[in-house]
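The structure appears right after this line, and notes come after that.
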Amino acid sequence: MPLNDSTQLLLNQIKQLGLPSLNELDPIQAREQATQANQLSHKPEPVALVENRLIPGSQIDIPIRIYTPAGNPPFPILVFFHGGGWVIGNLEAVDSICRTLTNQAGCIVVSVDYRLAPEHKFPAAVEDAYTATEWVAKNAASFQGDPKRIAVGGDSAGGNLAAVVALLSRDRKFPSLRYQVLFYPATQYGFDTDSHRQNGKDYLLTTELLVWFWHHYLSSAADGQNPQASPLLADDLSNLPPALIITAEYDPLRDEGEAYGMRLQKAGVSVKMTRYDGTIHGFVGMAQVLDQGREALAEAAVALQSQFN
């Protein structure tokens, strides 16, 4: 279907701003410009408790933000990783998303501020993401969480990290995860798909920008063949937690997200895939102006509730 009216209007408004593409900037400038996109998030909802903590990482302490719902503990837990191509993004960028999921799914959300590239190349983000998930499982009782009901989730690069954490958790036999929620995830280093050819130029996230993100994230193209960077290349996708994979029709990452879902299904994993037609990458973080963002969050919350109960 064609772009829906609200998505087309948003793209027109962004184009009128005349901002340079992020891949024309250095990473620090790109981070500064990207913070302007936070105003597209829906209004942050109040939750019962928000707490910032530092937890020990392999190199430095990792900042996390813990969102706790109202109700009777212990609560199930969603460990969430923000998007931004491993180069931009922070806890604030997904604050509204995490608050809504906390309330609607009735779970604690632990948002992880992993190290960014290019200052910290692959696999630094992976190490932080897994370390934070491991810490959550071992320390759940310290924040009213239930260590037996843990899911992982993320958007874009964060969806990539969530998928990789699920693989690592299986291979290392800890922690046991209930579910994975992947919003338009990057699953493979590569740019040769129909969705790249169809959607790689005019829909905010471009193929050029994805090349820029991957260039900053990886030390070499060879790293892109590592399943910890490209989970779609993992030999074995069996015995992974059930998944919800949400994609957007006009997203260059659409095909690799759906390919990952199909491979999970072939490996015997229960997967629900939902493509939101007529919209673009990042729409969940644009719920202030794109109703489909709210719809996708509601879908994820229902799915989490069903897995946690």
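The values are calculated or read from the model by the stated rules, or taken from the named source; none is laboratory data. Here the structure is a predicted model, which means the values were calculated and not measured. All Cβ positions, glycine included, derive from the backbone under ideal geometry; neighbour counts span all protein chains shown. Areas reflect the complete protein model, heavy atoms only, side chains present, ligands, DNA and RNA absent. Shrake-Rupley method; radii C 1.70, N 1.55, O 1.52, S 1.80 Å.
Details
- The HN-Hα couplings worked out from phi for segment 200-216 by the Karplus form 6.51 cos²θ - 1.76 cosθ + 1.60 (θ = phi - 60°) are x, 10, 10, 10, 6, 7, 10, 4, 4, 5, 5, 4, 4, 4, 4, 4, 6 Hz, whole numbers, x standing for Gly and Pro.
- Relative compactness, segment 194-308, computed as alpha-carbon Rg over 2.2 N^0.38 Å: 1.14
- Local net charge near E256, Cβ-Cβ under 15 Å (Lys/Arg +1, Asp/Glu -1): -3
- Along principal axes, Cα extents of segment 157-229, largest first, whole Å: 41, 26, 18
- Entry comment: accessible area of the chain is 41 Å² per residue, from protein heavy atoms only and a probe of 1.4 Å.
- Mean shadow area of segment 59-216 over all directions, Cα convex hull, nm²: 9.5
- Positive contributions from Lys and Arg (+1) and negative ones from Asp and Glu (-1), summed over other residues with Cβ under 13 Å from the Cβ of M1, come out at -2.
- Annotation: V165 carries an accessible surface of approximately 0 Å², with a 1.4 Å probe and no ligand, DNA or RNA atoms counted.
- Near Q33: Cβ cut-off under 12 Å, other residues only, Lys/Arg at +1 and Asp/Glu at -1. The net charge is -2.
- Scaled against 2.2 N^0.38 Å for its residue count N, the alpha carbon radius of gyration of the chain is 0.91.
- Electrostatic dipole magnitude of segment 1-120 [Cβ: Lys, Arg +1; Asp, Glu -1; Cα centre; debye, to 20]: 220
- More than 16 Å apart - percent of Cα-Cα pairs taken over segment 222-287: 51
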